[in-house]
Amino acid sequence: MSFSAATLLLVVLAGALFVGCGDGKVDPHHPGELLGTYEVSATRKTTTCGEGALGSPATWEFDVRLSRGDGALYWDSGAEVTPGTLGPDDRSFSFDTSLAVDMRAGEAPSNLPPCTIVRGDHAEGQLDEDAGSFSGELAYTFTPSQGSVCADLVTGAQPTFAALPCAMTYALSAKRTVAP
């Protein structure tokens, strides 16, 4: 696997979390009513991908700006704004997104067959605006796309994954550091 493909898959793990776009109905740079900026701590709970797969850390911290509007919660990582769903209770939220990555991109000509990995992201949690915090879980799945042959990512000299498909989950806890 090329360095650039691994790097692209890790962008989310390094703090961007979600890749997504606005829905075209709101300002994609500052949608909704600002809830504040939160410092998030992520701690890995489970992995079937292998310890350190794709360079994934056991723990990491990052900042995210949250805002809400009309049944949506917007997650602004600084790279992009991702819309999610805000429950009727105005506390529960969830996000789903996916990204397909050509794991052979950027490699010199190779005799390896095509391999594209689809990374699915799912997050859910609970806001506690009174405490200025939120908690939840973030899950990543990594699955070869139909027709891909990615066995070398598991069995190669420097394996990227312990198994494919695989998944990893992180517990999230966050405190607001900047009020709206």
Express the accessible area of the stretch 132-179 per residue in Å², computed with a 1.4 Å probe while the remaining protein chains stay in the model.
47 Å²
If amide hydrogens are placed 1.01 Å from N in the peptide plane, which non-local residues have theirs closer than 5 Å to the one on ARG104?
CYS115
Hey, can you grab everything whose amide H is under 5 Å from the amide H of ASP63? Only 5+ residues off in sequence or another chain; H modelled, so Pro and N-termini drop out.
VAL40
Solvent-accessible area, 1.4 Å probe, carbon plus sulfur percent, for the stretch 40-180
51 percent
Once fully extended, how much extra length lies between VAL154 and SER41, figured as 0.36 nm per residue of separation less the alpha-carbon to alpha-carbon distance?
37.8 nm
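The values are calculated or read from the model by the stated rules, or taken from the named source; none is laboratory data. Computed from a predicted model, the values in this text were never measured in an experiment. All accessible areas refer to the heavy atoms of the entire protein, side chains included, with ligands and DNA or RNA removed. Shrake-Rupley method; radii C 1.70, N 1.55, O 1.52, S 1.80 Å.
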